[in-house]
1. Only one residue in 117, 100, 112 is in contact with a helix residue (DSSP H, G or I) (Cβ under 9 Å, 6 or more places away or on another chain), within 24 Å of residue 13 (Cα to Cα) and not in a loop (DSSP other than H, G, I, E, B), so which one is that?
2. Read through the list (1) over 22 Å from residue 79 (Cα atoms); (2) part of a loop (DSSP other than H, G, I, E, B), then give the number of the only condition that residue 105 fails.
3. Would you confirm whether any residue within region 136-143 is exposed (fewer than 12 other Cβ atoms within 10 Å of the Cβ) and either at pLDDT 95 or above or assigned to a loop (DSSP other than H, G, I, E, B) (or both)?
4. Looking at (1) surrounded by 12 or more Cβ atoms within 10 Å (Cβ to Cβ); (2) modelled with pLDDT of 95 or more, which is the one condition that is false for residue 172?
5. Can you tell me which residue is surrounded by the most Cβ atoms within 10 Å (Cβ to Cβ) among those in region 101-114 that are under 21 Å from residue 163 (Cβ atoms) and without any contact (Cβ under 8 Å) to a residue 24 or more places away in the chain?
6. With respect to residue 18, is the statement that it is surrounded by 10 or more Cβ atoms within 10 Å (Cβ to Cβ), in contact with a helix residue (DSSP H, G or I) (Cβ under 8 Å, 6 or more places away or on another chain) and either at pLDDT below 75 or outside any loop (DSSP other than H, G, I, E, B) (or both) true?
7. Which members of region 21-49 meet the condition of being at pLDDT below 75, in contact with a helix residue (DSSP H, G or I) (Cβ under 7 Å, 6 or more places away or on another chain) and part of a helix (DSSP H, G or I)?
8. In region 56-100, which residues are at pLDDT 95 or above, surrounded by fewer than 20 Cβ atoms within 10 Å (Cβ to Cβ) and within 16 Å of residue 116 (Cβ to Cβ)?
């Protein structure tokens, strides 16, 4: 995939997310399902084909099945992390935050929730989970909300969705940072009196 194609895909993705963000969750689902039907897209289990093609056999039973997984609509936490291939603890926290939001219907979570999901995914324990979550906030992948809870940020969403494609994931980060820089430079200009 060329950089131009990646950029175009990212622009379309941002338009979709922006448009859907203003709708209630039920309406989002209805709009997405309608678009998939209209475009005759067979989504099947496409996000996880590369693991199967690579010959990775996953036989673990999910100890705390989510409603999505119980119906076969989503991966286990372990499958999700194998597919996304996070390279750092910060990336792993972002992936776990994404999983909590989209597969466990828990958009607001605490550090303990991330740690429990990390254990469920059979991942190595974080040396200092609180510090790792704080570093993930600093990186901009998750943000603080009320009462010590956190949620995945728009940057985090785009980054995790792009994984394991590192080029597209980095392009998502650069695009968001450019937009922030433009907004900051536009706001700091003062008009002469």
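1. Just a single option satisfies the conditions, and that option is 100.
2. (1)
3. Checked against the condition, which is being exposed (fewer than 12 other Cβ atoms within 10 Å of the Cβ) and either at pLDDT 95 or above or assigned to a loop (DSSP other than H, G, I, E, B) (or both), region 136-143 yields no hits at all.
4. Result: residue 172 fails condition (2) only.
5. 114
6. no
7. Passing the criteria: 47, 48.
8. Within region 56-100, just 78 meets the criteria.
The values are calculated or read from the model by the stated rules, or taken from the named source; none is laboratory data. Since we're looking at a predicted model, the values are computed, not measured. Note that each Cβ is placed from the backbone with ideal geometry, even for glycine, and that neighbours are counted across all protein chains shown.
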